[in-house]
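Enquirer: One structure follows; several queries about it will come next.
The values are calculated or read from the model by the stated rules, or taken from the named source; none is laboratory data. Note that the structure is a prediction, hence the values are computed from the model and not measured. So basically every Cβ, Gly included, is an ideal-geometry build from the backbone, and we count neighbours across all protein chains shown. Just the protein is used for accessible areas: all its heavy atoms, side chains included, with ligands, DNA and RNA removed. Shrake-Rupley method; radii C 1.70, N 1.55, O 1.52, S 1.80 Å.
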Amino acid sequence: MRGLATAAKTLRLYPPTSPIPRQAAESAIQALQAHLETEPVLALTVARDGFASQGVQLGAGIVGSADLAETLRAHGIAEVDITPGCTTDELLTFLSLLTKEPAETQAEGGLAAMLVAAGVESVRAADVALTVVDARVEMPEEDIDEFLRQLAADPDKLALWWASASKGDASTFAEGLLELNTAAGPIGAPQLLQALAEAFKSQDPSGKDAFLGVAMEHGEAQDLAGRVINLLGTGDMADALAAGQYGTNMLSLSCALTSLPLGSRMASILTGVEGLLPATGHTDKEREFLKHMVDVRSKPDEETALVDANTSYRAVADAVVLTEEDLEVARS
């Protein structure tokens with residue numbers, strides 16, 4: 001905590017050309033690496049009087065800690081997660097973004113989105129507007145609603161938010177989608193759906209996978225995700241399924257195809273997926289297996305046993321059944 005606070009303070013005190021901020025960030029990284037050898041993540045919750053991690057208060061009495069927490073609150077940040085592999089450049093980028101005016105970062109989609117846009121992978125910031133946060137972090141409700149309405153109407157900002165939110169907890173991502181839907185309201189719903197459809201197209205495979213997962217879960221967000229899917233073209237859906245985690249094996253792919261709200265478009269999307277399989281290294285045999293599993297999963301009843309489906313197998317099975325008389329003859 002001391003290293004982070006010091007690095008943040010040096011960026012405010014020294015010009016960008018000075019080596020001192022980098023030296024301070026390097027020292028902070030060394031301390032972080034020692035912590036992350038035993039913990040998978042350093043999760044810092046922003047509180048009124050500093051920070052907390054796993055319920056333990058941090059930063060009390062450390063020079064600059066309260067100032068850093070205040071800066072994060074001003075940017076609407078509820079939590080910062082730092083994961084293994086964090087580099088000095090990533091930490092400096094994060095801290096440099098904090099030197100911007102909050103209104104400027106909000107206009108560009110928020111700090112979390114700006115981190116993603118800058119290529120920072122090991123420092124994640126949770127926006128207060130779209131996450132369940134510490135009750136002590138305050139933000140006027142009208143400001144939150146206005147931020148959400150602006151986000152819902154801007155495909156570019158929405159895409160940046162999506163790229164960040166989809167990397168975290170799936171339920172939090174789903175909650176964020178629902179909050180956007182609530183903020184948009186009935187009048188803004190069509191514009192939100194169109195913006196979400198456009199944002200989907202710009203996501204990497206993992207971002208699309210996260211959304212497809214929401215669409216397959218039975219929850220409040222499933223209906224919203226289904227309406228977005230209805231706006232996506234057959235090619236967009238086929239590409240998302242084939243290129244992501246569901247396309248790695250045919251069982252997962254068949255499950256996704258039959259679980260997603262595709263309706264009458266499932267057959268055409270399946271055809272599109274089949275056409276993409278050779279380019280992803282799958283064989284004709286796998287393609288046939290996919291079609292078979294989609295057919296099986298689409299039937300309301302369980303698959304007929306092989307011995308019942310093909311009478312020749314039943315005949316062979318009956319032929320090898322020995323009667324008691326046959327056994328007596330064999331014994332004698």
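Enquirer: When all alpha-carbon pairs of the stretch 231-285 are counted, what percent fall beyond 16 Å?
Expert: The proportion of pairs with Cα distances above 16 Å equals 31 percent.
Enquirer: HIS282: accessible area at probe 1.4 Å, nearest 10 Å²?
Expert: 30
Enquirer: Right, here's the next one. Give me the net charge for the shell around LEU13: Cβ to Cβ below 14 angstrom, other residues only, Lys and Arg +1, Asp and Glu -1.
Expert: +2
Enquirer: At q = 0.17, 0.20, 0.21, 0.26 Å⁻¹, what log₁₀ I(q)/I(0) does a Debye calculation on the Cα points of the stretch 206-257 give, no solvent, two decimals?
Expert: Relative scattering, expressed as log10 I(q)/I(0), comes to -0.48, -0.67, -0.74, -1.08.
Enquirer: Moving on. Determine the order of CYS86, CYS255 by accessible area, beginning with the largest, at a probe radius of 1.4 Å.
Expert: CYS255, CYS86
Enquirer: Using protein chains only and a probe of 1.4 angstrom, how many square angstrom of GLU324 are accessible, to the nearest 10?
Expert: 110
Enquirer: Under a straight-distance cross-link criterion of Cα-Cα below 17 Å, which lysines are reachable from LYS291, leaving out those fewer than 8 residues away in the same chain?
Expert: By straight Cα distance, LYS291 reaches LYS299.
Enquirer: Just to be sure I understand: if I project the alpha-carbon convex hull of the stretch 138-278 onto a plane and average over all orientations, what area do I get in nm²?
Expert: Directional mean of the projected Cα hull area for the stretch 138-278 stands at 8.5 nm².
Enquirer: What order do ARG331, ARG73 take when sorted by accessible area (1.4 Å probe), most exposed first?
Expert: Listed by decreasing accessible area, they come as ARG331, ARG73.
Enquirer: Could you please state how large a percent of the accessible area of the stretch 141-229 is carbon and sulfur, counting protein chains only and using a 1.4 Å probe?
Expert: Looking at the stretch 141-229 in its full context, I get 52 percent from C and S.
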